[in-house]
Each structure stands twice: as C-alpha cells, then as structure tokens.
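What follows is a set of notes on a single structure, which appears directly below.
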Amino acid sequence: MVLDAVLQSTIDANLPTINVAPNQGKFLHILAQIQGARRILEFGTLAGYSTIWLARALPADGKLITLEANPKHAEVAQGNIDRAGLAKLVEIRVGAALKTLPKLATEGQEPFDLIFIDADKVNIPEYFTWSLKLARRGSVIVVDNVVRKGAVIEADSPDENIQGVRRFNTLLADEPRVKAITIQTVGSKGYDGLTIALVISD
C-alpha cells in the first residue's frame, strides 16, 4: 500500500516520525471531499503522507501546493508522490514558508479552497495570517497540533511551540473573518487536537 510505504520511507530516510496519524489523514481526505476542494495549500510536507491523503481527494484538474523547508524532506516526498501517481496534481515548493509565501501571493493564483497548516508551531500565527490572504469566503483552514496534550492551557510554559499555539488562539479569537472550533483528538500519536476555521467574509 502506498501510504504504508510512505511511513516506511520516513523511517528509512531518518526523517522525524511526525506524520499525521492514519485516522487524521482519512479525516483530512473526507474533509477535502466535503469541501469539494479543487485547490489545496499545505504547510509542511515531510514525506508526503498527509499530502497524498489530501491530493487523493482532488478532481483530475485539481492542484495541491505543499510548502517544505527541508530539501531532504522534499526529495523523499517527491518520490512518494510520484509513486502514488499524483505528480500532476502536487507541486512541492522548497524553502522556508515565510519566504516562499510572498512569491505565491504575487503569482495571481486562484484562492485555495482548503488550507492545512502542519508545520513549525512557532510560526502558526503568521501562517494563519497568510492563509487568510490566500483564501476566499467559504475556504476551510485546518491547523494541526493545537492542544499539545493539554499543555496549551499553560500560559507560562517555556515551550515555544505551546506559546506559538497560544498566540494563534489569541489571533483567532479576535479574527472576525472566520468562525472556528478546536477538536481534541486521540489516536496512534496520542492526545492532541486540531482547529477548523471557516472563512466567512473577505
């Protein structure tokens, strides 16, 4: 199975084993289908596991752009995407997202229907702000790893990842262009959660 091979490639290439859990991948796939997504933007490719789940929900003329900071990760992901037969649908852009996003924004691309943020947690607020610029009314933005085993409630946490999520929550609460909910999740990767935001105005 292609998806099992992707997980094995993560181990073989000594990449961090931080792919989304299988049940979360299936959830993203179904969510993209419910959304009727034709264009998807992903922050954080790793070995391409979530990328493949999402791309399989696209129509034949769909497009998924995935942003990956690490060239080695991108190389492994490209091989997996090719083996999955999705090369025509998926484009990997290599480089720090905060450097590649301005170029993406100036290309005159159509808005993205679904955006999945699963990259470094410190920059989640910035990624979310960019996502709003690249979305439209009706777009869905999904942010992963926002519960942090419950540690997100710790205001004085020294963990920069937790503080990144907390800044995102503050930003989200004050953002009138979306309505959102955070769902706690339990799976093979333990206890965490994700935020689903619907863009309700431009």
> Among the listed residues Ala135, Ala180, which satisfies the condition of being within 17 Å of the chain's Cα centre (by Cα), in a strand (DSSP E or B), surrounded by 14 or more Cβ atoms within 10 Å (Cβ to Cβ) and modelled with pLDDT of 95 or more?
Replying inline: Ala180
> In segment 107-124, how many residues are closer than 19 Å to Asp61 by Cα, of a type outside the set (D, E, K, R) and assigned to a loop (DSSP other than H, G, I, E, B)?
Replying inline: 4
>> Which condition from (1) open to solvent by 20 Å² or more (accessible area, probe 1.4 Å); (2) in a helix (DSSP H, G or I) is the one that Leu104 breaks?
In response: (1)
> In this structure, does Arg56 turn out to be of a type in the set (Lys, Arg) and open to solvent by less than 30 Å² (accessible area, probe 1.4 Å)?
Replying inline: no
> Mind checking whether some residue in segment 112-126 is within 24 Å of Phe27 (Cβ to Cβ) and open to solvent by 60 Å² or more (accessible area, probe 1.4 Å)?
Replying inline: yes
> Does segment 68-88 contain at least one residue that is loosely packed, with under 14 Cβ neighbours inside 10 Å, touching a residue at least 12 places away in the same chain (Cβ under 8 Å) and of a type outside the set (A, V, I, L, M, F, W, C)?
Replying inline: yes
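The values are calculated or read from the model by the stated rules, or taken from the named source; none is laboratory data. All values reported here derive from a predicted model rather than from experimental measurement. So basically every Cβ, Gly included, is an ideal-geometry build from the backbone, and we count neighbours across all protein chains shown. In case anyone asks, the SASA skips ligands and DNA or RNA and just uses the protein heavy atoms, side chains included. Shrake-Rupley method; radii C 1.70, N 1.55, O 1.52, S 1.80 Å.
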